[in-house]
Amino acid sequence: MYTHLCSPAHTPYTCPVRPLAAHSPPADAPARAVWYLVAAAAFVLSQLDVFLLSKVICKGTDAVVDGSFVATLLETLTVAFLYGAWRSITEEDWSDDLFYGN
């Protein structure tokens, strides 16, 4: 315990100090990291597609599909993976009554 002197009323109060080992990451932290890494990879691929492969795709498909179409699909996939990561962070809060108005 240590004394903190900057409370709103300017009176000392004690705050528990936990060792760093007590703050272990959640069990699904590596899974969350995978969501973010896949989202980043999809975004990088979409940008490379727009800037490097657009002409190749356009010529290869006789101007039916260009790089921006493929990039849009990859960016949509990026948003889906970011949503999955967000959902894994907040899903334990979904059972709270705050969300259901009870």
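The values are calculated or read from the model by the stated rules, or taken from the named source; none is laboratory data. No experiment lies behind these values; they were computed from the predicted model shown. Note that we place each Cβ from the backbone using ideal geometry, even for glycine, and neighbour counts take in every protein chain shown.
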**OP:** Check whether at least one residue in the stretch 24-31 is at pLDDT 70 or above, under 24 Å from the mean Cα position of the chain (by Cα) and either surrounded by 14 or more Cβ atoms within 10 Å (Cβ to Cβ) or among the hydroxyl-bearing types (Ser, Thr, Tyr) (or both), and report yes or no.
**Re:** no
Original post:
Restricting the stretch 35-92 to residues that are buried (at least 17 other Cβ atoms within 10 Å of the Cβ) and charged (D, E, K, R), which is modelled with the highest pLDDT?
Top reply: Glu75
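Could you list all residues from the stretch 48-76 that are closer than 25 Å to Val38 by Cα and not in a helix (DSSP H, G or I)?
Of all residues in the stretch 48-76, those closer than 25 Å to Val38 by Cα come to 48-54, 56-57, 65-76.
Within the stretch 48-76, Val65, Asp66 qualify.
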